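One structure is given here, and the rest of the page talks about it.
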Amino acid sequence: MRRRRFLQTIGAYTALGVVSMIPYGLARLLSPSVHAADHAHIPLPGALADPDAFARACIGCGLCGEVCPPRCVEFKQREGGSDVNTPYIDPAKKACILCNKCMEVCPTDALTVIPIRDVDMGIAQIDRAACYPWVDEGVCGACVAICPLGDSAISFEFANIYKPAVQEGCVGCGQCVEICPEPSLPIRIVARSEGTVAKHGVATRRRSY
Amino acid sequence: MKKRVDSPSALRHLNKLRWVVLTLIFLMLILLPFIHLYQTYVAAHAYDLLLPHEKTIYDVMEWFTAPFVNDPETDLDAIKGTTWSGTFFGLQLSDPLAVVSQVAASFFLYWPFILTGLIPVVVTMLLGRVFCGWICPATFIYELNDTLAAWMRRAGVPLGDKVYDKRIKYLILLAGLVLSMLLGSVMTAAIYPPAIIGRELYYAIAQGAFGSGAVFFILTIIFDLLVARRGFCRYLCPGGALYSLLGRYRVLRIQRVVEDCNDCKKCNVVCEFGLDPLQDGFGQECNNCTACIAVCPTDALVFKVQTHDQAFQGPGHLGHAYRNQQVEEKSGG
């Protein structure tokens, strides 16, 4: 009889626990995990390197978006699962200008203030089968002109005037992606470990200053 | 001796002040995204390229903010964010629930963030659950919703008024923290109405569309309207649970003056949180919203500085029950 009572109590508490999770389940159902193509979603400058650590640290307050001057910060409003309401940047729509405001305003450790040249949002990759100057000796140079970091990030390859080549200093802000006039978007931002630079080696972080 | 009703105390105006504060904060949450839009237009230095409706936003916001700032691009950053987390003239403030859930989710104490929750925690420990009654942007909508429900009831529409156990919300808070740990994200943000309202207003105005949180919030409004009066705040809100725990030994309390009470029970009817002021039953749930003070016809409810509620003081001295009691005692003794 006593055991029966005990089991009943356990059952009641389990039921209570399950019931108390219903609101969270509802909220979760409303924002299913749907991940779009990864290259369209790049992290914010100064973000924690591990996306899961970023999702744990971010409280979804939206302050980074509210201070962003070019309004490039977007949020996973309806999809996302665990990282619902966390921010991302889609450089093809609007690119980061490396102004530091989001890093400064973030209340948590999701975004921390770091020097601009230490930012790691990825690295730009140029598809040489789609870029005008690389394909047919066209005249463009928009990406080199817009780059906020100058020659250390993207420059014309020697003796190949107007043919842009990504350098080690690229932090992946995506200005070149946004400005590129070619509709097929020959420039993408990829994770730094997957990127190559002008010398066709795996890129490493430059920390020499 | 009947107390004169024509000299009401100033405390009863606090409820109007509360409504002014709630309205201001809600309007602020609508205004801030527009200010952000204006800032981005200023930063782009391209007024001529704006669309007509964007030009309207630019002009209105310029007219609105020009008297206060020199450089809208940076000066308007003084007030940013929502009640979930924001900056207010350099002071960073965060909801204690945000702090607790973030620590639970990340297993890491990031002190600059934890300290942003310090002022709200201290205020809550002194004044109780004031956030819920005086600041929360969801309260603004829920109380209007409650008024709508009252009108509908008067018009004869049958609406539910179920009463559940108020301790459910502590369980929800606990479940939220456990889920935050297990799933590695701040789960309470997904179901906490003030956080939802703050960011959904921002999404709708600055990002073009509501997110999924808006659907959840509408569900809570329907729950409040059809199932239980103020049901989400009373029984389900994880933030309310945390504030109730923090405000358990609050210093400023609304208390009943038994000599002035006439047992009219208006306070019990008006109480949004379903408390029992008539029998001195305030407890940790009271959010000092002063609605009962405003409605009391004999000014029998006052603020007192004490850390515990009074025990039940018996029927009010101006009511029938007390008079009958006195008569019985006289005839008996």
Restricting the range A:144-172 to residues that are surrounded by 15 or more Cβ atoms within 10 Å (Cβ to Cβ) and of a type in the set (Phe, Trp, Tyr), the one nearest to residue A:96 (Cα to Cα) turns out to be A:156
Any residue that is farther than 27 Å from residue A:17 by Cα and among the acidic types (Asp, Glu) - is there at least one of those in the range B:305-326? yes
Among (1) without any contact (Cβ under 8 Å) to a residue 60 or more places away in the chain; (2) facing chain A (nearest Cβ under 9 Å); (3) assigned to a loop (DSSP other than H, G, I, E, B), residue B:185 falls short only on (1)
Can you spot a residue in the range A:132-145 that is modelled with pLDDT of 90 or more and assigned to a loop (DSSP other than H, G, I, E, B)? no
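Matching residues to (1) charged (D, E, K, R); (2) under 25 Å from residue A:94 (Cβ atoms):
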| residue | (1), (2) |
| --- | --- |
| B:193 | no, no |
| B:199 | yes, yes |
| B:202 | no, yes |
| B:208 | no, yes |
| B:217 | no, no |
| B:225 | no, no |
Condition set of a type in the set (A, V, I, L, M, F, W, C), surrounded by 15 or more Cβ atoms within 10 Å (Cβ to Cβ) and free of Cβ contacts under 8 Å to residues at least 60 places away in the same chain, scope the range A:109-143, selection nearest to residue A:53 (Cα to Cα): answer is A:143
Are any of the residues in the range B:294-309 in contact with a Phe, Trp or Tyr (Cβ under 6 Å, 6 or more places away or on another chain) and surrounded by 14 or more Cβ atoms within 10 Å (Cβ to Cβ)?
yes
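Looking only at the range B:210-225, decide whether some residue is of a type outside the set (Phe, Trp, Tyr) and more than 29 Å from residue B:152 (Cα to Cα).
yes
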Being among the aliphatic types (A, V, I, L, M), within 11 Å of chain A (Cβ to nearest Cβ), closer than 23 Å to residue B:243 by Cβ and in contact (Cβ under 8 Å) with a residue 12 or more places away in the chain narrows B:21, B:42, B:100 down to just B:100
Among helices (runs of 4 or more DSSP H) completely within the range A:1-68, the ones holding 2 or more residues that are under 30 Å from residue A:90 (Cα atoms) are A:22-30, A:51-57, A:63-67
Conditions (1) over 16 Å from residue B:139 (Cβ atoms); (2) in contact with a Phe, Trp or Tyr (Cβ under 7 Å, 6 or more places away or on another chain); (3) within 8 Å of chain A (Cβ to nearest Cβ) -> residue B:252 fails only (3)
Within the range A:93-111, the residues that are out of contact with any Cys (no Cβ under 9 Å at 6 or more places or on another chain) and either within 23 Å of residue A:178 (Cα to Cα) or within 7 Å of chain B (Cβ to nearest Cβ) (or both) are A:100, A:109
With the first residue restricted to the range B:151-167 and required to be touching a residue at least 40 places away in the same chain (Cβ under 8 Å) and part of a loop (DSSP other than H, G, I, E, B), and the second required to be of a type in the set (Phe, Trp, Tyr) and surrounded by 11 or more Cβ atoms within 10 Å (Cβ to Cβ), Cβ contacts under 6 Å at 6 or more apart or on different chains are B:164/B:235
From the option list A:87, A:91, A:70, A:45, single residue qualifying as over 17 Å from residue A:111 (Cα atoms), surrounded by 23 or more Cβ atoms within 10 Å (Cβ to Cβ) and of a type outside the set (Gly, Ala, Ser) is A:91
Checking B:285, B:259, B:272 in turn, the sole residue that is over 30 Å from residue B:172 (Cα atoms) and outside the structural domain of residue B:164 (by TED's automatic domain parsing) turns out to be B:259
The condition from (1) surrounded by 22 or more Cβ atoms within 10 Å (Cβ to Cβ); (2) more than 23 Å from residue B:251 (Cα to Cα); (3) facing chain A (nearest Cβ under 10 Å) that residue B:117 misses is numbered (2)
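The values are calculated or read from the model by the stated rules, or taken from the named source; none is laboratory data. Model, not experiment: these values are computed from the prediction. All Cβ positions, glycine included, derive from the backbone under ideal geometry; neighbour counts span all protein chains shown.
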